[in-house]
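To start, the structure under review is shown below, and the notes come after it.
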Amino acid sequence: MSDFMGWLSEPFRHEFMQRALFGCALIGFTNGCLSTFIVLRRLALMADALAHSLLPGLAVAILLFGLAPAGLFAGALVAALIVAGGTQLISHSSRIKEDTSLGLLFACAFSLGLVLLSLSPVHVEIQHYLFGNILGLANGDLWIIYAISLVVLPLLIALERPLFLMMFEPSIAASQGIRIGALNYLLIGALVLSMISSLQAVGVILALGMLIAPAATIYLFSDSFTTLFWGGGLLGMLSSCLGLVVSYWLNLPSGACIVLLMGAIFLAALLFSPRYGVLARFFRKRHMHDQSLARWQGDAAER
Amino acid sequence: MSSHRLEIRDLTVSYHRIPAVHHVNLELRCGNCIALLGPNGAGKTSFFKALVGLVKPETGSVSLGGHGRLHHDIVYLPQRENVDWDFPVTVRGLAQMGRYTRLGWWRRFGAKDHEAVDRALATMELSGLAHRQISALSGGQQQRAFLARALAQEAHVMLLDEPFTGLDRPAQALLAHAMQRIVDAGNLVIASHHDLKTVPELFQQVIFLNGELIAFGDTAATFTEANIDKAYGTQAFAGAHRHHHHA
C-alpha cells in the first residue's frame, strides 16, 4: 500500500509535475463535463474539425505577437469563429451541405496554418500543437486554464435544464420558448474555449479524446443525464491525473498516455458494462424472449 | 366538459415565402379529440408549428380562451421516429421535463412537482414503468410517456404528429383510451392522422385541410365521402371496389 502511495506521490516532488497535475485535473474535469453535450448532441466530428482549424489563428498570432498566451488565445478564438461562421454561411447560401463545407474549410484552415508557420521567424514545433506539452506548463497557461474552467463550468451548470431539453428534443424545446440557436452557439463557444485551454497541455488532437471519451464511457453505464455530466467530469479528471503518473514512470509522452488510458477505460466499459456492454448484450440474448413476453404481458395487464 | 376554446383567426403560414396554409378560421372547443386530415403537403405540420409558435404566422392569430397563449399551454409532440430513444432518460425523467417548462431554469423541483409527475404517470398508466429507460418501451407506451410529459406540464392543448403510426390495433386502442382520459379532463387533443379507416373509432371531430380549410365538424356529420374527395382531390377512401391512396 505504501509502495502504491509512493508511486502516486513521488512524481509530484517536482514542481513541473505539480503544475501538470493542476492543469490535468482542471482540463480533465471541464472537458469531461462538456463531453456529455458532445456525445449527446453528436458534435464529435464538429469538434474534430474545430480542433484543426485553430492552427492558422495560432500561426497568425505567433507571427504578430510571438508566443504570448493572450495572443495565442485570441488567434485561436478568431480562427474557430471564422471556420464555424464560414461553414454556416456556405451551407445556408448554397446547395453544399454543412458536413461538406466544414470538412473542406478545416482542411484548408489547417493547411493555411502550416504555410503560415513555415514563414514564422520563431521555430514552432507542430508536434506541440498536436500533442501538447503538459510538462512545460507556465503560470500564464495555468491562469488561462483556470479562467476558462471558471467560465465554462458555471455556464453549463446554470443552463443545465434548457440544454437538457434542447438535446433531447429541439423542436419541443423551441416550441416552449427555449432559444435553440443561441444555446447552440453557446455550446460551440464553450467547446472552442475548452479546446484552447487544452491546447498547451495535451494538444488539440488529444484534447478531442478528453472531450469525447469520458461521457461516452459513462453513457454505457447510466440512464441519467446528471450522472453523465458529473460522472464524465470526475472520470475525465481522475483518468487525466492517473495518465500523468503512468507517463512519468514509464517515461512516455504524457498527453498520449492520458488519452490512451481513457481509451482503455472506454474499451473495458464497452465490453463489460452490465447494462449496455457488448458481453452483457451477448449473454442477454437468450433472455430476449422473456423480455418481450414481459412487455407483452405488461401491455395486456393494462387492457 | 370544458368551456375553453382554441380560437384560430385568419391563419396563414408560409415557408420560404410560399404559403402552406391559407386563411384558416377555426374555433375548437376543448374537451374534444380531433383528427387533422389531409394529403401529404396539405400543410398539417405547418399548421401545428404555427399553433405552437415554432413558425411565425404570415397573417392571423391563435388564442386560447381569449387570453392570448402561453408556451406552457400548447404542447407539440413530434413523430416517434424523430426522437432519440437512446437518450439517457427514464420514463419518469421524461415526465419531469414537463415541469421544467413551468419551473424555469433554476427553481427547485419540489413536492408539488413530484406529485404532478406521479399523477401524470398514473393517468397514462405508466407508474409501473417509471424507471425504465425510454427505449425499453413499446411504441404505444412511448407515445403515452410523451403525453405524460404534457400532462405534467399541465398543458391544455396537445398537438400530436401521427401518434398512431406503426402501432398495432390493440396498442392503438390503448392509446386512444389514454387520449380519451386526457380529453375527459377538459383538454383539447388534435392529432394528424393518415389511416382514414380508423378515423370514426378514434376521433370525435375531424378537420380536413389541404392548403386551406376544407371542412370541420363532428365525425358523424363531417367525415363524408364528399369531404374526403374534396380534401384529397381523389377518391381516397378505402372502399372495397376502389383503389386505396394513402396520404
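Is the shape of the range B:74-155 best called rounded, prolate or oblate, per the rule: a/c under 1.5 gives rounded, else a/b larger than b/c gives prolate, else oblate, with a ≥ b ≥ c the square roots of the Cα gyration tensor eigenvalues?
Cα axes put the range B:74-155 in the prolate bin.
Going by how many other Cβ atoms sit within 10 Å of their own, how do B:SER192, A:SER224 line up, fewest first?
The order, fewest Cβ neighbours first, is A:SER224, B:SER192.
Please work out whether the range A:37-157 counts as rounded, prolate or oblate from its C-alpha gyration tensor, where a ≥ b ≥ c are the square roots of the eigenvalues and a/c under 1.5 means rounded, while otherwise a/b larger than b/c means prolate and anything else oblate?
Judged from the Cα gyration tensor, the range A:37-157 comes out oblate (a/c at least 1.5, b/c at or above a/b).
Only helices at least 24 Å long along their axis, Cα-based, and averaging 0.0 or more on Kyte-Doolittle count here, so list those DSSP H runs from chain A.
A:15-40, A:44-65, A:69-93, A:98-119, A:139-158, A:180-219, A:225-250, A:254-272
Would you calculate a helix-derived [θ] at 222 nm for chain A, using -39,500 (n - 2.57) for each DSSP H run of n ≥ 4 and dividing by the full residue count, to the nearest 500?
-28000 deg cm²/dmol
Could you point to the residue in B:VAL75, A:ALA51, A:GLY28 farthest towards the positive end of the protein assembly as shown's charge dipole, with +1 and -1 charges on the Cβ of Lys/Arg and Asp/Glu respectively?
B:VAL75
So, by mean Cβ neighbours within 10 angstrom, what's the order for A:88-99, B:173-184 with the highest one leading?
Most protected by this proxy first, the peptides run B:173-184, A:88-99.
Test of understanding: ordering A:LEU45, B:LEU26, A:LEU261 by Cβ neighbours within 10 Å, fewest first, what list do you get?
A:LEU45, B:LEU26, A:LEU261
Residues with beta-carbon under 10 Å from that of B:ASN210, excluding B:ASN210: net charge, scoring Lys, Arg +1 and Asp, Glu -1?
Around B:ASN210, the surrounding residues sum to +1.
What's the local net charge at B:GLN79, with K and R +1, D and E -1, over the other residues with C-beta under 12 Å away?
Charge balance near B:GLN79 sits at -2.
Just for chain B, what percent of DSSP beta bridges are antiparallel, to the closest 5?
Of those bridges, close to 55 percent are antiparallel.
Which residue, A:LEU165, A:LEU137, A:LEU228, has the most motion in a Gaussian network model of chain A that connects Cα atoms within less than 10 Å?
A:LEU165
Tell me, in nm to one decimal, what length is gained between A:GLN127 and A:ARG275 on full extension, where the rule is 0.36 nm per residue of separation less the Cα-Cα distance?
Length difference between fully extended and current span is 49.3 nm.
Where nothing but the Cβ of Lys and Arg (+1) and of Asp and Glu (-1) is charged, how large is the charge dipole of the protein assembly as shown around its Cα centre, in debye to the nearest 20?
320 debye
Which trypsin sites (Lys or Arg not before Pro) does the range A:7-58 hold that lie in a coil by DSSP with at most 11 other beta carbons within 10 Å?
Here the trypsin sites (Lys or Arg not before Pro) that fit, given the DSSP loop and packing criteria, are A:ARG42.
Roughly how big is chain A's charge dipole about its Cα centre, with Cβ charges of +1 (Lys, Arg) and -1 (Asp, Glu), in debye to the nearest 20?
Here chain A has a charge dipole of around 700 debye.
Take the alpha carbon atoms of the range B:167-197, find their center, do the same for the range A:175-237, and report the distance between the two centers in whole angstrom.
39 Å
Keeping to pairs on different chains or 8 or more places apart, tell me how many lysine pairs in the protein assembly as shown have Cα atoms under 21 Å apart.
Lysine pairs, 8 or more places apart or on different chains, close enough: 4.
How charged is the neighbourhood of B:HIS131? Take every other residue with its Cβ under 12 Å from the Cβ of B:HIS131, and add Lys/Arg as +1 and Asp/Glu as -1.
Spelling it out: positives minus negatives among the neighbours equals +1.
I'd like the trypsin sites (Lys or Arg not before Pro) in the range B:1-100 restricted to DSSP loop residues with at most 14 other Cβ atoms within 10 Å, sorted by number.
Sites meeting the loop and neighbour criteria: B:ARG17.
Could you please state, rounded to a whole Å, how far the C-alpha centre of the range A:32-80 is from the C-alpha centre of the range B:25-91?
Cα centres, the range A:32-80 to the range B:25-91: 40 Å.
Hey, in the GNM for chain B with a 10 angstrom Cα cutoff, which one of B:GLY139, B:GLY233, B:GLY43 fluctuates hardest?
So, out of B:GLY139, B:GLY233, B:GLY43, the one fluctuating most is B:GLY233.
Would you tell me the mean number of C-beta atoms belonging to other protein chains that fall within 10 Å of each C-beta in A:162-174, as a whole number?
Counting Cβ atoms of other protein chains within 10 Å of each residue's Cβ and averaging gives 6.
Give me the inter-chain shielding for B:185-195: mean count of other chain Cβ atoms within 10 Å, whole number please.
So the per-residue partner count for this stretch is 0.
Which whole DSSP H helices in chain B pass both tests: a Cα extent of 15 Å or more along the axis and a mean Kyte-Doolittle value no lower than 0.5?
TM-like helix candidates: nothing returned.
Let's see if you can work this out: charge +1 on each Lys and Arg Cβ, -1 on each Asp and Glu Cβ, no other charges. What is the dipole magnitude of the range B:107-247 about its Cα centre, in debye to the nearest 20?
About 400 debye.
Among A:GLY132, A:GLY263, A:GLY232, whose mean-square fluctuation peaks in a Gaussian network model of chain A (Cα, cutoff 10 Å)?
The residue that fluctuates most here is A:GLY263.
No lab work stands behind these numbers, since they all come straight from the coordinates. Remember, predicted model here, so these are calculated numbers, not experimental data. All Cβ positions, glycine included, derive from the backbone under ideal geometry; neighbour counts span all protein chains shown.
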